[in-house]
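**Q** Below are the structure tokens for one structure; questions will follow.
The values are calculated or read from the model by the stated rules, or taken from the named source; none is laboratory data. Computed from a prediction, not measured in an experiment: that's the story for all the values here. Methodologically, a virtual Cβ is constructed for each residue, glycine included, from the backbone with ideal geometry; neighbour enumeration extends over all protein chains shown. To get the accessible areas, we keep the full protein, side chains included, count just its heavy atoms, and leave off ligands, DNA and RNA. Shrake-Rupley method; radii C 1.70, N 1.55, O 1.52, S 1.80 Å.
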Amino acid sequence: MLEPTEQTKTRGERQVLASVAEVRAAVVQVTGVASRTLSIFTHDLEPEIYDHDDFLETLKKFILARTFARVRVLHVP
């Protein structure tokens, strides 16, 4: 019998995010569990989400803890 891959073991759950605070908390959570690459797709780097101490601290830890950490910000017009 085949063992499930690591990806199938770690499937997430879907959430409905209704407020800026919920979106910010989700972004912080995803940043905290990222392993090598973090890609942010945005129309404009929403300051109420990305210019917040919780996110910036988690992002800093992500970058400093991993030798090959990669953060991409992709602007979507």
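**Q** In debye, nearest 20, what is the charge dipole magnitude of the chain about its Cα centre with +1 on Lys and Arg Cβ and -1 on Asp and Glu Cβ, if you could check? List each step's numbers first, then the result.
**A** Numbers: 10 positive and 11 negative charges, 93 e Å.
The dipole of the chain has a size of about 440 debye.
**Q** Using R₀ = 22 Å, calculate the FRET efficiency as 1/(1 + (r/R₀)^6) where r is the Cβ-Cβ separation of residue 37 and residue 13; round to 0.05. Walk me through the numbers on the way to the answer.
**A** Details: r = 21 Å, r/R0 = 0.98.
Computed FRET efficiency for residue 37 and residue 13 comes out at 0.55.
**Q** Treating the angle as unsigned and between 0 and 90°, give the value, to the nearest 10°, between the Cα long axis of helix 20-33 and the longest Cα principal axis of the chain.
**A** It works out to around 40 degrees.
**Q** Relative to the first principal axis of the alpha-carbon coordinates of the chain, what is the inclination of helix 53-65, with its axis defined by its Cα atoms, in degrees from 0 to 90 and to the nearest 10?
**A** 50 degrees
**Q** Calculate, for the chain, the solvent-accessible area per residue in square angstrom, rolling a 1.4 angstrom probe over the heavy atoms of the protein chains. Show your work: numbers first, answer last.
**A** Working: 6470 Å² over 77 residues.
Normalised by residue count, the accessible surface of the chain is 84 Å².
**Q** Please give, to one decimal in nm, the separation of the simple spin-label points placed at residue 74 and residue 56, each 7 Å out from Cα toward the Cβ.
**A** The answer from the label model is 2.6 nm.
**Q** Take the solvent-accessible surface of the protein heavy atoms, probe 1.4 Å, and return the percent of it on the chain that carbon and sulfur atoms account for.
**A** Numbers: 3600 of 6470 Å².
The nonpolar share, carbon plus sulfur, comes to 56 percent.
**Q** How large is the accessible surface of residue 37 in square angstrom, using a 1.4 angstrom probe and rounding to the nearest 10?
**A** 70 Å²
**Q** So what is the 222 nm mean residue ellipticity for the chain from helices alone, if each DSSP H run of at least 4 adds -39500 (n - 2.57) and you divide by all residues, rounding to the nearest 500 deg cm²/dmol?
**A** Working: 4 runs with 35 residues, N = 77.
When only DSSP H runs of four or more count, the value is -12500 deg cm²/dmol.
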